[in-house]
């Protein structure tokens with residue numbers, strides 16, 4: 001006996017309506033749980049970005065009334081020699097972070113798994129620089145780079161070389177600060193890589209050993225491909241952190257000598273809070289945000305393309 005089509009259609013409509021109600025309730029529940037985080041994120045991240053862009057369109061000293069000048073501050077950046085020097089120095093920081101800090105952090109993480117007696121002691125020793133206050137690190141290395149009584153110059157004196165004014169010469173100042181940055185933050189990437197290596201199944205290494213693979217082959221074929229997500233994350237953190245650099249440069253050199261170590265962060269600070277040119281400083285800050293955003297999008301897009309192709313590297 002066939003059922004009544006009208007009854008069947010009515011039941012289907014009711015079931016569909018019930019499913020929609022459940023779906024909407026689920027979405028509302030999710031939004032309610034996300035709401036506090038979204039509100040905080042919008043208040044402390046999205047709103048400041050929008051406000052900074054708004055300030056950059058004005059001539060404003062931070063106290064008196066703002067005067068709208070459109071994109072004048074951005075056109076002024078294009079002809080600002082110090083801005084381009086700062087951007088170049090930031091690129092040096094990015095290069096040091098990505099191509100020195102990250103490989104060094106990976107090497108330190110690999111050493112922690114080396115079959116050497118007492119190597120685990122270095123797990124704590126390696127991490128000490130990252131635990132130190134940046135102000136303390138800047139002051140410590142400032143004393144070590146002292147041109148007369150600094151530890152660095154005393155060591156090169158033993159090798160027969162003359163004293164070098166590391167932080168007072170244009171040719172050495174930027175690289176001296178970069179050395180300190182690498183020394184302080186490489187341990188952070190060591191921890192990230194250590195966590196990634198711990199997550200690799202031991203069975204894979206045992207199978208590779210049975211096949212006759214040596215340490216280098218196991219690293220190239222197993223460890224490195226499986227650490228690609230960690231490398232991508234580390235690269236994003238390194239690039240964004242490099243573009244936001246401020247404290248070490250400001251403490252050790254203040255951007256000198258003659259802007260040789262000026263970076264976008266220190267230049268923005270000087271324009272906004274020393275010269276009271278809040279509008280121009282905001283334009284520098286917004287350009288920093290745009291550069292970081294573009295770089296992150298590019299890295300994420302390349303990684304997504306790599307995953308889509310199924311490449312290990």
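Here, each number is a calculation from the coordinates, and none is a lab measurement. Keep in mind the model is a prediction, meaning the values are calculated, not measured. Every residue, glycine as well, gets a Cβ built from its backbone with ideal geometry; the counts of neighbours run over all protein chains shown.
Distance between the 7 Å Cα→Cβ label points at residue 302 and residue 136: 3.7 nm. Model label points for residue 183 and residue 113, set 7 angstrom from Cα along the Cα-to-Cβ axis, are 2.9 nm apart.
Our summary gives the stretch 83-309 a relative contact order of 28 percent, counting only alpha carbon pairs under 8 angstrom and 6 or more residues apart. Residues considered: 54, 256, 199. Largest GNM mean-square fluctuation over the chain, using C-alpha springs under 10 Å, is found at 199. Spin-label model, residue 26 to residue 49: label points 7 Å out along the Cα-to-beta-carbon direction sit 2.9 nm apart. The list [x] 106, 73, 31; [y] 60, 46, 35; [z] 54, 51, 36 gives values of Cα extents along the principal axes in Å, and only one came from this structure; which label was calculated from it? Derived directly from the coordinates: [x]. Starting from the Cα gyration tensor of the stretch 230-287, take the square roots of the eigenvalues, sort them a ≥ b ≥ c, and report rounded, prolate or oblate (rounded when a/c is under 1.5, otherwise prolate if a/b is larger than b/c, else oblate). Note, shape of the stretch 230-287 comes out oblate. Taking 0.36 nm per residue of separation and subtracting the Cα-Cα distance, full extension of the segment from residue 41 to residue 216 would add 58.6 nm.
For the stretch 158-283, a/c is not less than 1.5, where a ≥ b ≥ c are the root eigenvalues of the C-alpha gyration tensor, and a/b does not top b/c. That puts it in the oblate class. Relative to the longest principal axis of the Cα atoms of the chain, the long axis of helix 122-131 makes an angle of roughly 80 degrees. Against the main long axis of the alpha-carbon atoms of the chain, helix 170-198 sits at an angle near 40°.
Suppose R0 equals 30 Å; then what is the FRET efficiency for residue 143 and residue 226 from their Cβ-Cβ distance, rounded to the nearest 0.05? Each step should come with its number before you reach the end.
On the way: r = 42 Å, r/R0 = 1.40.
Approximately 0.10, to the nearest 0.05.
In the chain, the longest principal axis of the Cα atoms and the axis of helix 228-243 are about 50 degrees apart.
Calculated FRET efficiency, residue 233 and residue 155, Cβ-Cβ r, R0 30 Å, to nearest 0.05? Numbers along the way, then the final one.
Numbers: r = 36 Å, r/R0 = 1.21.
Given R0 = 30 Å and the Cβ-Cβ separation, E is 0.25.
Return the single residue from 292, 109, 208 with maximal mean-square fluctuation; model: Gaussian network over the chain, springs between Cα atoms under 10 Å. Of the options given, 208 has the highest mean-square fluctuation. Each part gets one Cα centre, and for the stretch 83-106 versus the stretch 283-299 those centres are 15 Å apart.
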